[in-house]
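First the structure, in the form of structure tokens, and then the observations on it.
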Amino acid sequence: MNILVLDSGWGGLSVVEHIHSLLPGLNIHYIADNKHLPYGDKSDAFVTQRVLELALYANSQFTPDALVLACNTASTVALPTLRSHLAIPVVGVVPAIKPAALTSKSKTIGLLATPGTVERDYTHQLAEEFAEGCDIVRVGSSEMVHLAEAWLAGNRVGTRILKEILAPFEQSKPDVIVLACTHFPHIQ
């Protein structure tokens, strides 16, 4: 079985690891759109058009049985378009607000994502539907994507910049933090 995984860079390898651990026999093709990384600071129209172009091209080259859009930003805007253009199952990743709300004891949840994902209507709808009564502290950072890419390339990531990015969480003290970008687990 062929699976195509697509992300704006190497962050989606965190998703590939999980897929491989659950289904080790799959043949996985990976597309890293490093030219346009991160998607989180691009417009909805740009992200949708870009992932559609890549998915259609990859579909013609690899004939996958399914596509995994391993990007929260792209998933929050492009899933309907991809599903309408491809005759294969399309699976996305979206911010895990529902499980965070169910897990949080303090009802203060951190949301760490790209700026686009933090601000997308889809993310706001998830919060309204699944996190009623919770305070969601939203931190949007494109810099974290670049730090993760550097880490994946074998470079050091300075803790000072991480502390600056994460400072809002230090003040608000969430007991659960949603890593709503597939790059972020690499530097967790």
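The values are calculated or read from the model by the stated rules, or taken from the named source; none is laboratory data. All figures in this text were calculated on a predicted structure; none of them were measured in a lab. Neighbour counts are summed over all protein chains in view; Cβ atoms, including those assigned to glycine, are modelled from backbone coordinates with ideal geometry. When the accessible area is computed, the model is the full protein with side chains, heavy atoms only, and any ligands, DNA or RNA have been set aside. Shrake-Rupley method; radii C 1.70, N 1.55, O 1.52, S 1.80 Å.
What the table below lists for this structure:
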{"quantity": "Amide H partners (placed H, <5 Å) of Cys134, local residues excluded", "calculated": "none"}
{"quantity": "Pairwise Lys count, the chain - Cα closer than 15 Å, eight or more residues apart or different chains", "calculated": "4"}
{"quantity": "Listed residues Gly25, Gly116, Gly40, most fluctuating in the chain (Gaussian network, C-alpha, under 10 Å)", "calculated": "Gly25"}
{"quantity": "Low-density loop cleavage sites - trypsin sites (Lys or Arg not before Pro) in region 133-175, where at most 16 other Cβ are within 10 Å (DSSP)", "calculated": "Arg156"}
{"quantity": "Whole-Hz couplings from phi, Karplus 6.51/-1.76/1.60, listed for region 79-91; x for Gly and Pro", "calculated": "4, x, 5, 4, 5, 7, 9, 10, 9, 10, x, 10, 10"}
{"quantity": "Gain on full stretching of the segment that runs from Ile165 to His18 - 0.36 nm per residue minus C-alpha separation", "calculated": "50.3 nm"}
{"quantity": "Å² per residue, accessible surface of region 50-135 at 1.4 Å", "calculated": "47 Å²"}
{"quantity": "Computed helical MRE - 222 nm, the chain, DSSP H runs ≥ 4 contributing -39500 (n - 2.57), nearest 500", "calculated": "-14500 deg cm²/dmol"}
{"quantity": "Principal-axis tilt of helix 159-172 within the chain, Cα atoms, nearest 10 degrees", "calculated": "60 degrees"}
{"quantity": "Other-chain or far-sequence residues with amide H under 5 Å of Val5's (modelled H)", "calculated": "His29, Tyr30, Ile31, Val68"}
{"quantity": "Phi to ³J(HN,Hα) by Karplus 6.51 cos²θ - 1.76 cosθ + 1.60 over region 150-155, Hz, x for Gly, Pro", "calculated": "5, 4, 5, 7, x, 8"}
{"quantity": "Cα-based helix-to-principal-axis angle, 13-22 vs the chain, degrees rounded to 10", "calculated": "70 degrees"}
{"quantity": "Environment charge at Ile28 (Cβ cut-off 15 Å; Lys +1, Arg +1, Asp -1, Glu -1)", "calculated": "-3"}
{"quantity": "Table column - 3J(HN,Hα) (Hz), region 96-109, Karplus curve with 6.51, -1.76, 1.60, x for Gly and Pro", "calculated": "7, 6, 4, x, 5, 5, 6, 8, 5, 8, 7, 6, 10, 10"}
{"quantity": "Accessible area in the full protein assembly, largest first, 1.4 Å probe, for Asp121, Asp44", "calculated": "Asp121, Asp44"}
